[in-house]
Amino acid sequence: MPQLLTGTQLAQNIKLLLSQKRKEIFKDKKVYLAIIFVGENNPSQVYVKNKQQYARDIWLEAIVFWQGGQEIKADFLYLSPLLETKYSTKEEILSLIKTLNADKNCMGIICQLPLTEALQDAKDVLCTAISPLKDVDGLWGILNGWNLQDIITFQPATAKAILDLRDYHQLGSRKGRKIAIIGMGNLIGKPLAIEAVKRGAIVQTFTVEDKKALIAEKCRECEIIISCTGAIHLVDASFINKQKDQIIIDAGYGFLNGKATGDVNFEEVAPLVKAITPVPGGIGPLTVASLFGNIFILQEQKDLIQTLWNTLL
């Protein structure tokens with residue numbers, strides 16, 4: 001059997017650390033994370049519930065906008081008019097983001113993806129409306145750009161979770177190692193490729209539009225395969241070489257026959273590799289932990305980020 005690269009214990013360790021940081025950085029201040037959640041996407045509903053519970057565990061609040069019927073603490077009753085509004089246009093959501101940007105009690109803003117079909121064309125506009133001081137997901141890239149130049153320290157949550165999981169399980173240096181990254185989204189694939197290159201890895205990248213046979217052929221040549229497409233069971237035995245020396249990291253998430261599953265056909269792939277992340281229990285718990293960690297990372301660098309942002313205004 002392969003080594004299971006679970007993230008649950010590390011996520012718990014981070015939770016304890018963040019609970020302490022919450023007291024040190026915010027003290028008795030009443031603060032919250034704002035989640036703008038549109039539609040009925042099932043995986044997103046799971047993510048949002050996990051984020052709300054994690055927030056409570058570290059003495060923060062995660063307030064979800066656009067769902068209605070939500071009870072909030074007395075400290076945040078001034079937000080009630082915003083919570084009672086059901087937004088239906090890009091302009092209404094932009095107005096909400098503007099209000100949240102200006103709210104000194106709001107420490108982070110997430111625009112939960114995917115958006116509804118009607119708002120897909122507005123995604124970039126909405127994401128770039130979030131202040132970099134509150135963009136804990138790194139949704140519009142300016143924080144990633146400053147990180148690339150080593151001006152600040154910041155990675156989007158899932159990319160950071162993957163990096164932290166590798167370090168936690170002591171999987172060795174990335175320098176000179178061949179890594180395949182399947183999925184080149186702004187939140188995982190692209191920042192992860194940048195971080196891998198910065199650490200000296202030899203990186204090949206693919207998207208779900210590439211021919212599966214080509215991806216599989218190239219993956220067999222790689223020591224590490226990271227898949228983050230959301231395409232259920234995309235990675236199967238054809239991606240695996242015969243040496244049983246590969247590390248498989250599954251950052252996909254979906255449902256198959258009512259059960260959570262990822263990009264990797266776990267039952268088929270696991271017996272053939274050195275190490276693999278399970279779904280659930282692998283990257284997922286760490287992604288939530290990393291997201292909340294970014295609240296504190298941005299707070300610790302807020303003066304520098306504000307200075308950088310002012311030069312662009």
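Points to keep in mind about this one:
- Condition check for T128: surrounded by fewer than 19 Cβ atoms within 10 Å (Cβ to Cβ) and touching a Gly at 6+ places or on another chain (Cβ under 6 Å): no
- Cross-chain or 6+ apart pairs with Cβ under 9 Å, the stretch 96-124 first and not assigned by TED's automatic domain parsing to the domain that holds G254 and at pLDDT below 95, then crowded, with 19+ Cβ neighbours inside 10 Å and hydroxyl-bearing (S, T, Y): Q112/Y47
- The stretch 215-242, subset closer than 20 Å to K190 by Cβ and of a type in the set (A, V, I, L, M), residue surrounded by the fewest Cβ atoms within 10 Å (Cβ to Cβ): A231
- Single residue of the stretch 42-64 satisfying the filter (of a type in the set (S, T, N, Q) and free of Cβ contacts under 8 Å to residues at least 12 places away in the same chain) that is farthest from A289 (Cα to Cα): Q45
- From the list D245, D263, D250, the lone residue that is outside the structural domain of L60 (by TED's automatic domain parsing), in contact with an Asp or Glu (Cβ under 8 Å, 6 or more places away or on another chain), of a type outside the set (A, V, I, L, M, F, W, C) and surrounded by fewer than 23 Cβ atoms within 10 Å (Cβ to Cβ) is D245.
- Summed over the stretch 18-38, residues that are surrounded by fewer than 16 Cβ atoms within 10 Å (Cβ to Cβ) and either free of Cβ contacts under 8 Å to residues at least 60 places away in the same chain or under 24 Å from Q112 (Cβ atoms) (or both) total 7.
- Within the stretch 130-155, the residues that satisfy the criterion of being over 22 Å from K98 (Cα atoms) and in a loop (DSSP other than H, G, I, E, B) are Q149, D150, I151, I152, T153, F154, Q155.
- Selected residue (criterion: surrounded by the most Cβ atoms within 10 Å (Cβ to Cβ)) from residues of the stretch 141-189 that are among the basic types (K, R) and in contact with a Gly (Cβ under 9 Å, 6 or more places away or on another chain): K160
- Considering residues of the stretch 196-214 that are assigned to a loop (DSSP other than H, G, I, E, B) and within 24 Å of the chain's Cα centre (by Cα) only, the residue surrounded by the most Cβ atoms within 10 Å (Cβ to Cβ): A201
The values are calculated or read from the model by the stated rules, or taken from the named source; none is laboratory data. Everything numeric in this text was worked out from a predicted model, so none of it was measured. We place every Cβ from the backbone using ideal geometry, glycine too, and count neighbours over all the protein chains shown.
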